[in-house]
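Engineer: I am attaching a structure below and will ask some questions about it afterwards.
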Amino acid sequence: MKTALYIAAMAIVTYLIRMIPFTSIRGKIRSRFIRSFLYYIPYTVLAAMTIPAIFFSTGDARTAAVGAAAAFIMSYFGLPLTAVAFGASAAAFVASLIF
Amino acid sequence: MTKTKHFLKGLYNAVPIGLGYLFVSFSFGIMAVKSGLTTAQATVISATNLTSAGQAAGVEIIADGGTIIQIILTQLLINLRYALMAIALSQKLAPEFTMPHRVFAAFGITDEIFAMASMEKSLNPFYMYGMIVTSAAGWVTGTFLGASAGSILPASISDALGIMLYGMFAAIVIPEARKQKSVLVAALTAAAFSVFFKFVIKTVPVGFVIIICASAAAAVAAVLFPVKDEEEQEAAA
């Protein structure tokens, strides 16, 4: 029950974030600080979510480190999201066979 | 073009998105079940949220026994980027994109759909619906398969798949950090804060850690590197 409530909260909040600006805001946000803040938010959220969690994501720090290294290298060379996601998994899997 | 043609074009153009989502959400399904959710719960989350980072964070908080306030604040912060995308898209809507269409289509503003939609000069609602259907089909199917079949997979494979979403996040941040020093500084600052909370201040719940780290780092970057209008355009593209 509690989980259902949490899931509903996630869905409602996520929808409202998309819907309210899409139906109402047409003007440009004037505050340069807020525009800048909003510009960096996606990157800081993803960075904070990824590090250090990625190193705990496979249940073994060594395979996770190999997978993370693969992800970082492939991302650096601009490979598509799906390729990086697979490559990281494949690297972690291969590492798990070795360790 | 007729409504049907717009819709079909959307269905077709979003096939790469749908395929990508299928595999990434497979990883989400595994992660959700590992965190103690049922297959049905994981699938409902994907069908009603249609977003990767927000769902992953939500599940982390649920697993951590977090509060509903943490869930709401985290979703607000993580998904705030959709508000920006919605604002950007609202500037390029076709005249057919009436208010009821806005109310429905808003559900489907994801990073990838936004990227495709923003390439349109005049965005047709049925084109957007087409893209949403293909993308959501991949996202929900993948979640269901990951959540239900993930436990059938050998542990070594499902463990390895657990890293997928994080790999995708890296693939979003790193290329941009390579191009822009400001993004690099913002991401490294956020990562440093996050490591600090993980190993030094261990008592703060994960939901708040993400909010605090992301907000602080974005504020630092906003002060050090205020964006110009062109950068905002680039971010929208």
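The values are calculated or read from the model by the stated rules, or taken from the named source; none is laboratory data. What you see is a predicted model, and the numbers here were worked out from it, not measured in a lab. Cβ atoms come from the backbone with ideal geometry, glycine included; neighbour counts cover every protein chain shown. The protein model used for the area step is the full one, side chains on, heavy atoms only, and it has no ligands, DNA or RNA in it. Shrake-Rupley method; radii C 1.70, N 1.55, O 1.52, S 1.80 Å.
Engineer: Could you identify the single residue in B:Leu188, B:Leu184, B:Leu165 that is modelled with pLDDT under 85 and of a type outside the set (Ser, Thr, Tyr)? Give the derivation first.
Structural biologist: Details: B:Leu188 fails: modelled with pLDDT under 85; B:Leu184 fails: modelled with pLDDT under 85.
Among B:Leu188, B:Leu184, B:Leu165, only B:Leu165 is modelled with pLDDT under 85 and of a type outside the set (Ser, Thr, Tyr).
Engineer: Would you mention how many residues in segment B:130-177 are over 30 Å from A:Ala61 (Cβ atoms) and open to solvent by 30 Å² or more (accessible area, probe 1.4 Å)?
Structural biologist: 5
Engineer: If you check every pair at least six apart or on different chains, which have Cβ atoms under 7 Å apart with a residue in segment B:116-134 that is without any contact (Cβ under 8 Å) to a residue 60 or more places away in the chain and under 14 Å from B:His101 (Cβ atoms) first and a residue that is among the aliphatic types (A, V, I, L, M) and not in a helix (DSSP H, G or I) second?
Structural biologist: Close Cβ pairs satisfying both conditions: B:Ala117/B:Leu123; B:Ser122/B:Ala94; B:Leu123/B:Leu93; B:Leu123/B:Ala94.
Engineer: Next question, about the same structure. For the structure I just gave you, tell me whether B:Ile62 is buried (at least 19 other Cβ atoms within 10 Å of the Cβ) and without any contact (Cβ under 8 Å) to a residue 60 or more places away in the chain. Before you say what the answer is, go through the steps one by one.
Structural biologist: On the way: buried (at least 19 other Cβ atoms within 10 Å of the Cβ): yes; without any contact (Cβ under 8 Å) to a residue 60 or more places away in the chain: yes.
The answer is yes for B:Ile62.
Engineer: Assuming A:Ile12 fulfils every condition listed in (1) within 28 Å of B:Ala105 (Cβ to Cβ); (2) facing another protein chain (nearest Cβ under 7 Å) apart from one, which condition is it?
Structural biologist: (2)
Engineer: Looking only at segment A:23-59, count how many residues are modelled with pLDDT of 85 or more and more than 7 Å from every other protein chain (Cβ to nearest Cβ).
Structural biologist: Number satisfying all stated conditions: 3.
Engineer: Name the residues in segment B:41-57 that are more than 16 Å from A:Pro42 (Cα to Cα) and at the interface with another protein chain (Cβ under 7 Å from one of its Cβ atoms), would you?
Structural biologist: B:Gln41, B:Val44, B:Ile45, B:Thr48, B:Asn49
Engineer: Test A:Ala61 against the stated conditions and say whether it is of a type in the set (Gly, Ala, Ser), in contact with a helix residue (DSSP H, G or I) (Cβ under 8 Å, 6 or more places away or on another chain) and open to solvent by 60 Å² or more (accessible area, probe 1.4 Å).
Structural biologist: yes
Engineer: All but one of (1) closer than 28 Å to A:Ala48 by Cβ; (2) open to solvent by 30 Å² or more (accessible area, probe 1.4 Å); (3) more than 9 Å from every other protein chain (Cβ to nearest Cβ) hold for B:Glu120, so report the exception by its number.
Structural biologist: Of the numbered conditions (1) closer than 28 Å to A:Ala48 by Cβ; (2) open to solvent by 30 Å² or more (accessible area, probe 1.4 Å); (3) more than 9 Å from every other protein chain (Cβ to nearest Cβ), the odd one out for B:Glu120 is (1).
Engineer: For segment B:178-199, name all the residues that are crowded, with 24+ Cβ neighbours inside 10 Å and of a type in the set (Gly, Ala, Ser).
Structural biologist: B:Ala186, B:Ala187, B:Ala190, B:Ser194 - these are the residues of segment B:178-199 that are crowded, with 24+ Cβ neighbours inside 10 Å and of a type in the set (Gly, Ala, Ser).
Engineer: Output the residue which, of all residues in segment B:138-188 that are of a type in the set (S, T, N, Q) and more than 7 Å from every other protein chain (Cβ to nearest Cβ), is nearest to the chain's Cα centre (by Cα). Spell out how you get there, then give the answer.
Structural biologist: Quick first cut of segment B:138-188, residues of a type in the set (S, T, N, Q) only: B:141, B:143, B:148, B:151, B:156, B:158, B:180, B:182.
Now narrow it down to the ones that are more than 7 Å from every other protein chain (Cβ to nearest Cβ): B:141, B:143, B:148, B:151, B:158, B:180, B:182.
On the way: B:Thr141: 17, B:Thr143: 14, B:Ser148: 22, B:Ser151: 24, B:Ser158: 22, B:Gln180: 21, B:Ser182: 22 Å.
Checking each candidate, the answer is B:Thr143.
Engineer: Considering segment B:27-42 alone, what residues qualify as being surrounded by fewer than 24 Cβ atoms within 10 Å (Cβ to Cβ) and either touching a residue at least 12 places away in the same chain (Cβ under 8 Å) or part of a loop (DSSP other than H, G, I, E, B) (or both)?
Structural biologist: If the condition is that a residue be surrounded by fewer than 24 Cβ atoms within 10 Å (Cβ to Cβ) and either touching a residue at least 12 places away in the same chain (Cβ under 8 Å) or part of a loop (DSSP other than H, G, I, E, B) (or both), then B:Val33, B:Lys34, B:Ser35, B:Gly36, B:Leu37, B:Thr38, B:Thr39 are the ones that fit.
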